[in-house]
Amino acid sequence: MTPAFTDADLARRRAASRRLGWLLGAVVLVIYLIGLFIKR
Amino acid sequence: MSTATTHTAEHPAGEYHGGLLRWLTTTNHKDIGTMYLTFSLIMFFVGGLMILAVRAELFSPGLQLMQPEFFNQLIGVHALVMIFAALMPAATGFANWMLPLMIGAPDMALPRLNNWGFWLLPPAAILLTLPFTLALFGIGDGALATGWTFYAPLSVQGGMGVDFAILAVHILGISSIMGSINIIVTIFNMRAPGMTMMKLPLFAWGWLITAFLLIATLPVLAGAVTMLLTDRHFGTHFFDAAGGGDPILFQHLFWFFGHPEVYILLLPVWGLMPHVLSTFSRKPTYGYKAQVYSFIAIGLLSVVVWAHHFFTAGMPVPALVYFMFSTMAISLPLAVLFFCWIATMWKGAMTFETPMLFAVGFIVLFGIAGLTGLILADVAADAQYHHSYFVVAHFHYALFAGGIMGVMTGVYYWLPKWTGHMYSEKLGKLHFWLTVVSFNLTFLPQFFLGLAGMPRRIPDYALQFAEFNAISTLGAFVLGFSQLLFAWNIWSCVRGGPKVESRVWEGAEGLEWELPSPPPHHTWEIQPVIK
Amino acid sequence: MASCTLETQTAPSAEVNPVAWLLRSLFPPSALLLPGAASAAYNFNFPEPVTPIARETLHIHNEFMLIITVLFVVVFAIMIYSMIKHRKSSGHAPAKFTGPTGALQWFWALIPFAILLFIDFVLMGIPAVQAIINMEDTQTKADMVLKVTGMQWKWQYEYPESGVKFISTLATPRDQIANAEAKGENYLLEVDKPVVLPVGKKVRILLTSTDVIHTWWVPQFGVKRDAIPGFLRETWVLIEKPGIYRGQCAELCGKDHGFMPVVVHAVPEPEYLAWVEAQKAEAKAAAGGADRTWSKDELVAEGKAVYEKVCAACHQPDGKGLPPAFPALAGSKIVSGPLLDMNGKVIKDSHVDRVLHGKAGTAMQAFATSLSDVELAAVITYERNSFGNQAGDMIQPAQIKSLR
């Protein structure tokens with residue numbers, strides 16, 4: 001249990017999380033919009 | 001952008017805002033987890049009161065307490081409250097509290113999104129139930145009266161309660177999506193060094209699949225109810241045959257979300273079970289990889305079986321056969337889970353504290369849900385079961401015995417960790433036995449009601465259904481009031497009780513048990529390393 | 001006839017459900033009886049099947065119940081054995097294994113899944129596929145067609161071959177529902193005009209709806225099919241035994257979903273043919289009525305009967321309605337408005353327009369499709385001259401006929 005979470009490491013992890021978060025949000029939006037165009 | 005990283009510096013461990021502002025603005029995963037769980041418990045009682053009124057009406061034939069319109073509102077809102085405002089927030093509360101502790105992260109990856117996700121819930125719950133209050137003042141004609149499924153054209157015809165519910169579902173959906181995004185990115189980015197995906201606790205795996213299912217299916221539900229809204233107010237005809245639409249399209253869209261939703265509710269609980277079983281059997285989890293693959297298989301299968309929810313709507317024979325066999329296929333990964341649970345117990349050294357009792361109760365009663373689900377998949381037999389009380393009994397075995405008793409397992413298991421106090425084992429066991437007995441008293445008769453031909457969602461019924469309905473109502477009231485024991489036990493445990501060690505349970509394994517009980521406000525600022 | 005109703009039948013001896021048998025021995029029906037509802041004899045299984053489909057379904061159900069009961073008992077017997085033997089208090093030392101090791105253990109771990117695979121796709125799957133094909137074959141050797149139309153909250157039945165068409169609504173008095181009167185034997189499962197079908201004939205049933213989705217269900221026929229507005233769905237029955245069969249709407253369809261029963265009289269063919277002839281004669285007499293001039297009193301008297309059968313569920317017997325969903329007719333601006341325009345044509349959104357063509361997006365349906373000229377003229381006249389409404393005018397069946 002030695003290495004502390006350094007600020008730099010944490011910032012890197014959070015930035016990666018934000019990128020993935022926006023990507024997932026965009027996926028949600030795309031599915032929603034496709035849904036609106038579904039016709040029989 | 002930098003607030004998230006400097007958060008720790010602004011609020012060092014142990015230092016809080018005071019009062020309401022702390023809870024409104026908190027970005028701490030433990031605070032938010034606590035809020036989710038408290039909200040869930042409150043809404044569990046709200047939804048429960050609704051259904052007790054329904055059961056009271058159904059105690060004997062004839063209309064005693066309410067008119068059919070109000071009855072229809074209660075059943076639909078009960079379902080929405082229990083699913084979206086009680087069960088889902090409970091699981092999200094678990095994730096918030098436990099995921100960072102379990103994977104060695106200092107917090108969730110996106111703390112402010114986390115805060116937002118929670119604070120969308122109370123307004124949504126108010127929107128959902130507000131029409132009841134408005135109707136008292138003569139505004140509108142009450143809440144959503146279409147059942148939780150919103151089937152068009154009934155929902156196109158309905159009053160403003162439908163609009164409130166559509167809005168509430170949108171907000172609840174956004175909240176769940178935010179929670180899911182946060183959980184996915186936390187699991188992907190915040191794991192402590194050495195914790196590979198195949199060393200991830202099964203609880204995290206269960207939640208990861210749940211989060212992906214939510215992201216894949218909630219937008220479809222949102223799309224469906226948006227289309228419903230435009231059909232109601234803006235002259236579109238998505239679900240109206242007269243304008244070239246199709247009412248069955250709504251059912252396809254709804255159940256494309258609705259079936260995965262069942263697994264969304266259950267996967268976190270399935271993830272939790274191996275932890276509890278392994279702890280109280282003092283033996284490592286059996287078949288870790290098999291369970292992970294089963295979670296993934298169930299997640300994938302769950303999005304391709306939706307039409308079994310409306311076999312009676314009529315579809316071509318090949319479609320019927322496909323949806324029947326794909327549904328039956330889910331029994332295989334599910335059987336793997338049952339096998340692993342029992343194999344985890346096998347040759348252990350078991351003790352039966354309250355969480356273990358709930359876990360065992362869960363396995364047995366959820367077994368009944370799984371087995372009846374298997375026969376419901378059969379199209380021919382389903383023609384008899386469908387829309388009847390048989391189905392009502394089946395999904396309450398799945399969602400009460402599976403979902404809610406699973407959540408209770410988790411609450412008893414982690415409550416000492418959260419509070420640092422031991423709950424009352426005596427009350428917990430009493431709560432367990434009352435719950436299990438009265439649950440079966442409530443729902444077992446409903447299987448026979450369905451077989452005898454009682455349709456669901458009717459406020460009044462023919463005389464031959466009287467006895468079983470009376471028994472079911474008695475059971476429901478015992479079940480409802482026993483939950484007060486649960487609330488009381490939690491309350492007293494929060495207030496005080498015998499102090500517990502960091503490793504609360506003798507056989508508990510995992511990072512979360514290495515932290516003190518209760519864990520300090522900020523944890524894992526020093527990274528743990530997993531061998 | 002009464003011996004064929006749901007309540008009094010006895011379970012068929014051909015099929016014995018082991019679960020039902022066990023439960024019946026454990027809980028004899030008499031022990032479950034509560035005071036006040038002593039008429040019911042309980043079944044723990046489907047009611048007696050009277051069509052080939054229902055018999056097949058019961059057979060499949062019994063077989064499945066047996067299979068899942070065995071699975072349940074075996075699996076949880078193992079678990080309970082373990083819970084008794086492998087307790088800490090009995091000094092059992094915990095093992096350390098985390099998965100199968102070696103070929104033999106893998107073999108035994110995979111056996112349950114092979115069995116389950118066999119049960120799913122062979123033991124249960126093959127009969128299920130056969131049943132589906134059978135159930136969906138509505139057209140082969142069909143002897144006749146019955147068209148069923150669901151409407152809020154009644155069923156319309158139509159025999160296209162003979163042109164017979166009528167509406168069937170709940171016959172249970174409101175006082176029984178409100179507990180002001182003792183409940184009859186067939187409480188909520190009785191209608192004013194049951195649908196009559198011949199025994200031994202394959203009846204192809206076409207279903208549709210005028211408003212929301214309904215589901216036509218008679219448990220003893222083993223069929224349940226949705227009636228969807230704007231679409232035609234189908235199913236079939238071949239009733240093997242004369243009798244009265246009762247069922248209900250099974251899909252939540254609004255306020256009176258619980259109050260739209262299905263009652264089928266199955267009779268031998270000669271009796272059925274005689275019934276059809278009688279219906280035709282009756283329809284002819286009614287159609288004749290459309291051509292003569294009716295007096296206002298006649299129309300009001302007829303209209304009251306129609307109103308109570310068709311309209312009162314929403315607009316209430318006293319015309320006060322249940323606002324806002326179901327507006328009051330008493331004092332309504334629409335009802336007291338002008339009857340027709342100067343040329344004798346329908347005015348848009350007038351009383352006649354509403355009754356004939358309904359109001360889109362509400363439970364008010366277009367009654368032109370389901371009521372006769374006489375019934376329409378009568379009910380419009382009745383509404384305009386009742387509940388304190390004093391329009392004073394009337395409309396003749398012949399006028400309605402020309403407005404269609």
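The values are calculated or read from the model by the stated rules, or taken from the named source; none is laboratory data. Everything quoted here is computed from the prediction, not taken from an experiment. So basically every Cβ, Gly included, is an ideal-geometry build from the backbone, and we count neighbours across all protein chains shown. Just the protein is used for accessible areas: all its heavy atoms, side chains included, with ligands, DNA and RNA removed. Shrake-Rupley method; radii C 1.70, N 1.55, O 1.52, S 1.80 Å.
Key figures
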{"item": "Pick from region C:315-344, criterion buried (at least 20 other Cβ atoms within 10 Å of the Cβ) and of a type in the set (A, V, I, L, M, F, W, C), ranking: modelled with the lowest pLDDT", "result": "C:Phe326"}
{"item": "Residue list for region C:372-404, filter: of a type in the set (Asp, Glu) and assigned to a helix (DSSP H, G or I)", "result": "C:Asp373, C:Glu375, C:Glu383"}
{"item": "Residue check for C:Gln105: in a helix (DSSP H, G or I), modelled with pLDDT under 90 and not assigned by TED's automatic domain parsing to the domain that holds C:Ala363", "result": "yes"}
{"item": "Qualifying positions in region C:196-234 - in a strand (DSSP E or B), in contact (Cβ under 8 Å) with a residue 24 or more places away in the chain and either within 12 Å of the chain's Cα centre (by Cα) or on the phi > 0 side of the Ramachandran plot (or both)", "result": "C:Leu207, C:His214, C:Thr215, C:Trp216, C:Trp217, C:Val218, C:Val223, C:Lys224, C:Asp226, C:Ala227"}
{"item": "Residue check for C:Lys255: in contact (Cβ under 8 Å) with a residue 24 or more places away in the chain, in the same structural domain as C:Thr381 (by TED's automatic domain parsing) and under 30 Å from C:Ile380 (Cβ atoms)", "result": "no"}
{"item": "Positions within region B:418-443 being hydrophobic (A, V, I, L, M, F, W, C) and buried (at least 19 other Cβ atoms within 10 Å of the Cβ), in sequence order", "result": "B:Trp418, B:Phe432, B:Val436, B:Phe439, B:Phe443"}
{"item": "Residue among C:Lys141, C:Lys154 that is surrounded by fewer than 20 Cβ atoms within 10 Å (Cβ to Cβ) and in contact (Cβ under 8 Å) with a residue 24 or more places away in the chain", "result": "C:Lys141"}
{"item": "Candidates B:Gly497, B:Gly453 - the one that is closer than 28 Å to C:Arg87 by Cα and either in contact with a Pro (Cβ under 6 Å, 6 or more places away or on another chain) or touching a residue at least 60 places away in the same chain (Cβ under 8 Å) (or both)", "result": "B:Gly497"}
{"item": "Within region B:127-173, tally of residues that are under 23 Å from B:Gly245 (Cα atoms) and among the small types (Gly, Ala, Ser)", "result": "7"}
{"item": "Total residues in region B:31-74, condition closer than 21 Å to B:Leu172 by Cα and of a type in the set (S, T, N, Q)", "result": "4"}
{"item": "Region C:306-330 residues that are closer than 25 Å to C:Phe166 by Cα, paired with ones that are open to solvent by 40 Å² or more (accessible area, probe 1.4 Å) and part of a helix (DSSP H, G or I) (beta carbon under 9 Å, 6 or more apart)", "result": "C:Val306/C:Glu375; C:Val310/C:Glu375; C:Ala312/C:Arg174; C:Pro317/C:Arg174; C:Pro317/C:Glu308"}
{"item": "Hey, B:Ala192 in a loop (DSSP other than H, G, I, E, B) and closer than 30 Å to A:Ala15 by Cβ or not", "result": "yes"}
{"item": "Residue check for B:Leu229: within 14 Å of chain C (Cβ to nearest Cβ), open to solvent by 10 Å² or more (accessible area, probe 1.4 Å) and in contact (Cβ under 8 Å) with a residue 40 or more places away in the chain", "result": "yes"}
{"item": "Top-ranked residue in region C:368-386 [being surrounded by fewer than 22 Cβ atoms within 10 Å (Cβ to Cβ) and at pLDDT 85 or above; ranked as farthest from C:Gln316 (Cα to Cα)]", "result": "C:Asn385"}
{"item": "Residue tally, condition more than 35 Å from the chain's Cα centre (by Cα) and surrounded by fewer than 19 Cβ atoms within 10 Å (Cβ to Cβ), over region C:387-398", "result": "6"}
{"item": "Count of region B:266-291 residues which are more than 11 Å from chain C (Cβ to nearest Cβ) and open to solvent by 10 Å² or more (accessible area, probe 1.4 Å)", "result": "1"}
